[in-house]
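Derivation of every value follows stated rules applied to the coordinates shown; laboratory data play no part. Nothing here was measured: the structure is a model prediction, and the numbers come from that model. FYI the Cβ positions are ideal-geometry reconstructions off the backbone, even for glycines, and counts take in every protein chain you see.
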Amino acid sequence: MAQAVASTAAEQAFEPLLAVVARASLGDFAGELPLPEGRNEVAELTIGINLMLSVIRSNITELKKLNAELESRVNVRTKDLEAAKLQAEQQARELEATLRHMVGRENKMIELKKEIERLKAAAGRTD
């Protein structure tokens, strides 16, 4: 009978610990255990679990902060890249226009040279 009473007392001592650990296993780290009276294994375990939950909450807060900073940096970088892309596209259009103009002038020069040769041939000149 004494063993059954001790077992029940131990179960009662561990019941709050198990409940908090079960919630933590599902991602709920908000719980905090009240410290039991005395200095025993249950008290030590309670202190350890409370410390673990506190560290996890702190890490989650830090991760959220870092994630927000990273998202902000990604957004800024995306805007920078979009601006650079638009600038590069504009420069490409300008280069294409310049190239078309240069090719047009070159084609005109070729036509003029042919016309000069035709006129020379029609005039009987061979210089």
Quiz item: For volume of the Cα convex hull per residue in Å³, the listed values are (1) 98; (2) 89; (3) 174; which was obtained by calculation from the structure presented?
Solution: (3)
Quiz item: For the stretch 2-95, what is the relative contact order in percent, using Cα pairs closer than 8 Å and at least 6 residues apart in sequence?
Solution: 18
Quiz item: Within the chain, which is the longest segment containing none of the trypsin sites (Lys or Arg not before Pro) that sit in a DSSP loop and have at most 15 other Cβ atoms within 10 Å?
Solution: 40-124
Quiz item: Helix 2-25 versus the longest principal axis of the chain: what is the Cα-based angle in degrees, 0 to 90, to the nearest 10?
Solution: 20
Practice problem: For helix 41-123, report the angle its Cα long axis makes with the longest principal axis of the Cα atoms of the chain; keep it between 0 and 90° and round to the nearest 10°. | Solution: 0
